[in-house]
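Heads up, the thing below is written out as structure tokens.
The values are calculated or read from the model by the stated rules, or taken from the named source; none is laboratory data. All figures in this text were calculated on a predicted structure; none of them were measured in a lab. We place every Cβ from the backbone using ideal geometry, glycine too, and count neighbours over all the protein chains shown.
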Amino acid sequence: MTKPAREAEHAGSTFDLTTWRPLPREFFDAPPEQVARLLLGKILVRRGRGGPLAGRIVETEAYLGEHDAAAHAASGRTARNAVLYGPPGHAYIYNIYGLYACFNISCLPEGVPGCVLVRALEPLQGIAEMRRNRGLNGSAGIHQLTSGPGKLCQALDISRAEDNGLDLTRADGRLGLVEDNFQCGEIRVTPRVGISRAADWPLRFFLAGHDCVSGRRG
DNA sequence: ATAAGGATGACCT
DNA sequence: GGTCATCCTTATA
């Protein structure tokens, strides 16, 4: 250990690995649109072999229950979406387009489906490893590492096979969410990205003007 | 603009 | 059982 792992590499974070406690279950036992908003500014931590990988959440989307045609719960409970019906605060990870993973967090009490999709992070810690995981060289900008749901899973080495169903509230878990007392500034709300049904519902939340937000940032 | 890529669920037999 | 359209995306042109 040449250097204490307590200091964030990237500017502006008070994140301290020696004291981090995951957000409690009650935080997630709430409607997805509320959790999605409150997750902005929090830190997603991945405990890896080469040390922690961490980033600040800058973009989220809420997916509601069976009345939300864009949600995986829309057609009722299946083997794939069982986590959505389980207790809050668990990782729901699915593969998309045969290529990428998407990381969601279950909300609402057991039996009631709903989740938040984490769409983008600002890399804070383990940036070199994120670059490696993404197959990018040193010239790739910070904002290319985790500015999209598939990108951030690749950067943090999150996969359905390894991580689906994980309890995110365990202090010793591989994945967790941490309070950072970060001042978010203006939060912008728009329709969700990449869906065809319920396409006008205002359930996407992101930090206005942040470089690491995916796609169009207005 | 669009191809890549594979799992999933809907809808049959 | 089988087939098929769809998909909460990304990196290329």
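Looking at the stretch A:151-167 only, could you name the residues that are farther than 15 Å from A:PRO52 by Cα and either in a loop (DSSP other than H, G, I, E, B) or within 15 Å of DNA strand B (Cβ to nearest atom) (or both)? Walk me through it before giving the result.
Initial filter on the stretch A:151-167 (farther than 15 Å from A:PRO52 by Cα): A:151, A:159-167.
Hits for the stretch A:151-167 are A:LYS151, A:SER159, A:ARG160, A:ALA161, A:GLU162, A:ASP163, A:ASN164, A:GLY165, A:LEU166.
Yes/no matrix, rows are residues, columns are (1) at pLDDT below 95; (2) within 16 Å of DNA strand C (Cβ to nearest atom); (3) of a type outside the set (Gly, Ala, Ser):
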| residue | (1), (2), (3) |
| --- | --- |
| A:HIS10 | yes, no, yes |
| A:GLY41 | no, no, no |
| A:VAL45 | no, no, yes |
| A:ILE57 | no, yes, yes |
| A:SER75 | yes, yes, no |
| A:GLY86 | no, yes, no |
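Please work out if A:SER106 is touching a Cys at 6+ places or on another chain (Cβ under 6 Å), in contact (Cβ under 8 Å) with a residue 24 or more places away in the chain, under 18 Å from A:PHE206 (Cα atoms) and hydroxyl-bearing (Ser, Thr, Tyr).
Taking the combined requirement at face value, the residue does not satisfy it.
Any idea which of (1) over 11 Å from the mean Cα position of the chain (by Cα); (2) of a type outside the set (Ser, Thr, Tyr); (3) more than 16 Å from DNA strand B (Cβ to nearest atom); (4) at negative phi is the one A:GLY111 doesn't satisfy?
Every condition holds for A:GLY111 apart from (4).
Residue-by-condition table, conditions (1) over 14 Å from A:LEU121 (Cα atoms); (2) more than 16 Å from DNA strand B (Cβ to nearest atom); (3) not aliphatic (A, V, I, L, M):
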position	(1), (2), (3)
A:ALA171	yes, yes, no
A:GLU179	yes, yes, yes
A:PRO191	yes, yes, yes
A:SER196	yes, no, yes
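Are any residues in the stretch A:198-208 more than 16 Å from DNA strand B (Cβ to nearest atom) and touching a residue at least 24 places away in the same chain (Cβ under 8 Å), and if so, which ones?
The answer is A:ALA199, A:TRP201, A:LEU203, A:ARG204, A:PHE205, A:PHE206, A:LEU207.
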